[in-house]
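Okay, so here's the structure we're looking at.
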Amino acid sequence: DWTESWKKAFKPFKLGQHMVIKPSWETIETEPGDHIIEIDPGMAFGTGTHATTRLCMELLEKVVRPGDTLLDVGCGSGILAVCGVLLGAEKADGVDIDELAAKIAGENAQLNGVADKTHFVQGDLTDKISGQYDLICANIVADVIIRLCPDIPRFLKKDGWFMASGIIDERSVEVENAIRKNGLVIKERLEEGGWVALRCCLAEE
């Protein structure tokens, strides 16, 4: 019964300036300007309680502009894609290697009323992706981010942001080297509880 028992510990909480993560089975009172993100993660990663997700969402809140397009690589529960749209992005695509995660992400988008602005597919990193995005999020692990880095310049718009999270502190230098090697510049580094998140942009030509 572990899939039900963990729910008892998953309570609403505030994140960043105006984001409130709310389990779909809880009720809360909100303040003006709050963005409520309802999540029922099922078997997919991403409730916002883990430092890696929180750090990525804090970076997102700083940079999302109205009309932005967002790509969430390794979308898990879809929390980052949903968050991006609720913060003002026009469209968010998510991809996960786990078919169940892509399904759950779609359900969470429906729960938050943003199903028409989101699209989730099962795939390996960017193999099902085309076009360019204003924002790319990858809350995965160091090895996978390193493998993803060569693709980022192809999919990131000139004035866009790439946010990488899920990086354990001991591996951050390797990830930072891979980011720089592939024509990106690190503009911000956040750290919490031994986890690192990076906000990057394309190097000026």
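Summary of computed values
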read-out	value
Amide H contacts of Leu184 (H built 1.01 Å from N, under 5 Å, at least 5 apart or other chain)	Ala203
Cα Rg, Dmax (largest Cα-Cα span) when computed across the chain, Å	15.9, 55
Estimated dipole of the range 48-205 in Debye, rounded to 20 [Cβ of Lys and Arg +1, of Asp and Glu -1, Cα centre]	300 debye
Net length gained if the chain between Glu170 and His119 were fully extended (0.36 nm per residue, minus Cα distance)	15.0 nm
Mean separation of Cα contacts under 8 Å, 6 or more apart, over the residue count of the range 46-160: relative contact order %	26 percent
At R0 = 30 Å, FRET efficiency that the Cβ-Cβ distance of Gln132 and Arg189 yields, to 0.05	0.75
Theoretical ellipticity at 222 nm over the chain - DSSP helices of four or more residues, -39500 (n - 2.57) apiece, nearest 500	-8000 deg cm²/dmol
Protein accessible area in the range 91-149, 1.4 Å probe - carbon and sulfur %	50 percent
HN-Hα J in Hz across the range 133-149 - Karplus 6.51, -1.76, 1.60, θ = phi - 60°, x for Gly and Pro	10, 6, 9, 10, 10, 9, 9, 10, 9, 3, 4, 6, 5, 4, 5, 7, 3
Protein-only accessible surface order, largest first, of Asp116, Asp34, Asp68 at 1.4 Å	Asp116, Asp34, Asp68
Solvent-accessible surface ranking, highest first, for Thr30, Thr52 at 1.4 angstrom	Thr30, Thr52
Rounded to whole Å, sorted largest first: equivalent-ellipsoid semi-axes of the range 98-179, Cα gyration tensor	24, 16, 12
Nonlocal Lys pairs with alpha-carbon distance under 21 Å, the range 40-199 (8 or more apart, or different chains)	19
Mean separation of Cα contacts under 8 Å, 6 or more apart, over the residue count of the range 55-112: relative contact order %	36 percent
Relative contact order for the chain, counting Cα pairs under 8 Å that sit 6 or more residues apart, in percent	17 percent
Heavy-atom surface of the chain, accessible at 1.4 Å and reported per residue (Å²)	47 Å²
Net charge dipole size for the range 44-119 [Lys, Arg +1 and Asp, Glu -1 on Cβ; Debye, nearest 20]	200 debye
The chain: angle of helix 51-63 to the longest principal axis, Cα-based, in degrees nearest 10	70 degrees
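The values are calculated or read from the model by the stated rules, or taken from the named source; none is laboratory data. All of these numbers come straight from a predicted model, not from anything done at the bench. Cβ: placed from backbone, ideal geometry, glycine included. Neighbour counts: every protein chain shown. What goes into the accessible areas is simple: the full protein's heavy atoms, side chains included, and nothing from ligands, DNA or RNA. Shrake-Rupley method; radii C 1.70, N 1.55, O 1.52, S 1.80 Å.
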